[in-house]
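Shown next, in structure tokens, is the structure this report addresses.
The values are calculated or read from the model by the stated rules, or taken from the named source; none is laboratory data. On a predicted model such as this, the values are computed, not experimentally measured, just so you know. Ideal geometry is used to build each Cβ from the backbone, glycine not excepted, and the neighbour counts take in all protein chains shown. Remember, those area values only see protein heavy atoms, side chains included, never the ligands or the DNA or RNA. Shrake-Rupley method; radii C 1.70, N 1.55, O 1.52, S 1.80 Å.
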Amino acid sequence: MSEYRVRHAADLLGVSTDTVRRLIDTGALPATSSSGGVTMIDGAALARHARAHAAAANDPSSVGRSARNRLVGLVTEVRVDGVMAQVEIQAGPHAVVSLISADSARELGLAPGVLAVAVVKSTNVIVETPTVPEDGPR
């Protein structure tokens, strides 16, 4: 079972430690205290909270689709080299890089500051578990 200190939970949620403490105080995020008085948050509870409170930008399109992994954001960079273009989109805390044809980039009017939706449809997803510092999750 993974547990996180308040500081690590705040980093994972993208909020301040004060916000995490308020969530604990209001009962929105369950926590326990270790024998040493360190507040710990259950990893599964933290994951449920993160999913329930994930904030994504509204998708500007209104068409039906099969792809569910849609990241709405702003184009931050477009690099065109011959027939290909590298497009970078900042979607909330996520940076997405896509290689598309230069013609497509021009036709879509992609440039820094343009609203865009990155649609991810893949059969391969790699999952990793990072090595954490000694005071990280247990």
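Using a 1.4 angstrom probe with every protein chain in place, what is the largest-first accessible-area order of Ile24, Ile89?
Most to least solvent-accessible, the answer reads Ile24, Ile89.
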ask   = What number comes out for the charge environment of Ala111, summing +1 per Lys or Arg and -1 per Asp or Glu over other residues with Cβ under 14 Å away?
value = -1
task = Determine the order of Thr131, Thr26 by accessible area, beginning with the largest, at a probe radius of 1.4 Å.
result = Thr131, Thr26
task = Kindly report, to the nearest 10 Å², the accessible surface of Thr129 as traced by a 1.4 Å probe over protein heavy atoms only.
result = 130
Order of exposure, largest accessible area first, which applies to Met40, Met84 with probe 1.4 Å = Met84, Met40
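Below 11 angstrom from the Cβ of Ser16, what's the summed charge of the other residues (Lys, Arg +1; Asp, Glu -1)?
Details: positive: Arg7, Arg21, Arg22; negative: Asp11, Asp18.
Summing Lys and Arg as +1 and Asp and Glu as -1 gives +1.
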